[in-house]
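Notes for the one structure printed next.
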Amino acid sequence: MANASSKKIAAANKQTLANLQKGFVIVNAVYFLWRIVYHWNSFTFSQFFLYITTGGLTFMFYRLLISSGTPTFGADGSLISCGEDLNSEGLTAYMFDIIYVTWFVHITTAFISSKFWLVYLVIPAYAAYKLVPMAMSYFGKGGSNASEETKSEGPSKRQAKLEKRQNKGQVKYSR
């Protein structure tokens, strides 16, 4: 049972990479055959440029995922390294998201309308959604402003609890 977790990660990575390869081939074959071959007369230079750019970006992410997620085996068949976990969060998940958005855009622009290239605006919008609050907290709220706000609000919840406990047993007389 040694390296059971590593073997599971290696098997999951292998399956994920196989699915990624199938999807990559199918989507690009469908786009090429339907949009470029069958509808050649409506295929413009701008669509060619967008397809090559987005296809190149997707291929770059695909190769990066393959290089980081491929397990390494020894000469005797033993697992040396399971590779990076492709089901992890972070940049790996974002690369998969960009690949899936690219596939969606390629299929919809091939069959429905060229206006679906605008769906790519979702990627920088999401990046701004994630980065702007982080930048605002770094530049705007961090530093001296946060300490001034806590001073003006009065005692913290913890301090108020401690004062309440201290005053609980005492009797206060007022006139």
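From the mean inverse distance of alpha carbon pairs (Kirkwood) and the Cα radius of gyration, derive Rg over Rh for the chain. Taking Rg over the Kirkwood Rh, I get 1.29. Restricting attention to the chain, the count of lysine pairs at 8 or more positions apart or across chains with alpha carbons under 28 Å apart stands at 17.
Just to be sure I understand: with springs between alpha-carbon atoms less than 10 Å apart, which residue in Lys161, Lys14, Lys22 has the highest mean-square fluctuation in the Gaussian network model of the chain? For the chain, modelled as a Gaussian network with Cα springs under 10 Å, the answer is Lys161. Over all pairs of different C-alpha atoms in segment 25-65, the reciprocal of the mean inverse distance, the Kirkwood hydrodynamic radius, equals 10.9 Å. Top mean-square fluctuation among Ser81, Ser156, Ser114, Gaussian network model of the chain, C-alpha springs under 10 Å? Among Ser81, Ser156, Ser114, the largest GNM mean-square fluctuation belongs to Ser156. Of all complete DSSP H helices in the chain, those with a Cα span along the helix axis of 20 Å or greater and a mean Kyte-Doolittle hydropathy of 0.0 or more are 4-31, 45-69, 91-111, 122-136.
Every read-out reported here was derived from the displayed coordinates using simple, explicitly stated rules and does not represent laboratory data. Quick caveat, the model's predicted, so the values are computed rather than measured.
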